[in-house]
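Notes follow the structure.
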Ligand code: HEC
């Protein structure tokens, strides 16, 4: 008799706990969505800043640069009819084996020497190229006048960190 009561009490407690547990699962606020919004930044941006900005950054002054800023590279690799796939493929091809034969920027090789090879992860280069293709890349203050011949491209993102020299390469 006593043990029947015990079993009954245990069953009721179990039932209550189970109900509580499932209602938590069902009613739990959806935190995943909130995190997604906060982490919305393209992973290629960070990868580019870490791996490429040592040389291709937009803030080193014109005279102290080690390489053209990434915006200049983009303008040579993305023409009006370049598809994203072509762009990414060309970036991967270059980074895998930089050489004069496949260069689209022979002037830059003359000015800076050829880009040194480094064993980058192919997936990272894909992400970086994907980011560059789709987004406005920060450009140095001197770049606009340096590159454009009157054509305004409206990016207007100069941060005033370049020295504003317009000396041609
Ligand atoms: C140690 C310095 C250095 C680093 C780091 C570097 N580059 Fe370069 N890169 C250069 C130099 C110098 C040039 C210009 C000369 C040339 O074209 O080889 C260049 C040119 C390029 C070009 C144009 C090549 C051409 O001639 O057609 C691409 C594309 C490029 N870099 C992509 C990248 C990417 C993507 C990264 C990061 C994953 C990166 N670079 C990191 C130095 C660097």
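The values are calculated or read from the model by the stated rules, or taken from the named source; none is laboratory data. All figures in this text were calculated on a predicted structure; none of them were measured in a lab. Note that we place each Cβ from the backbone using ideal geometry, even for glycine, and neighbour counts take in every protein chain shown.
Is it true that residue 5 is modelled with pLDDT under 95, out of contact with any strand residue (DSSP E or B) (no Cβ under 6 Å at 6 or more places or on another chain) and part of a helix (DSSP H, G or I)?
On the way: modelled with pLDDT under 95: yes; out of contact with any strand residue (DSSP E or B) (no Cβ under 6 Å at 6 or more places or on another chain): yes; part of a helix (DSSP H, G or I): yes.
Yes, satisfied.
Looking at (1) more than 12 Å from residue 133 (Cα to Cα); (2) more than 12 Å from the ligand (Cβ to nearest atom), can you tell me which one residue 53 breaks?
With respect to (1) more than 12 Å from residue 133 (Cα to Cα); (2) more than 12 Å from the ligand (Cβ to nearest atom), residue 53 is out only on (2).
Can you tell me how many residues in the range 33-58 are modelled with pLDDT of 95 or more and assigned to a helix (DSSP H, G or I)?
Adding up the residues that qualify gives 13.
How do the helices (runs of 4 or more DSSP H) wholly within the range 59-154 filter down when requiring 1 or more residues that are touching a helix residue (DSSP H, G or I) at 6+ places or on another chain (Cβ under 7 Å), within 7 Å of the ligand (Cβ to nearest atom) and touching a residue at least 24 places away in the same chain (Cβ under 8 Å): which remain?
70-77, 84-96, 122-134
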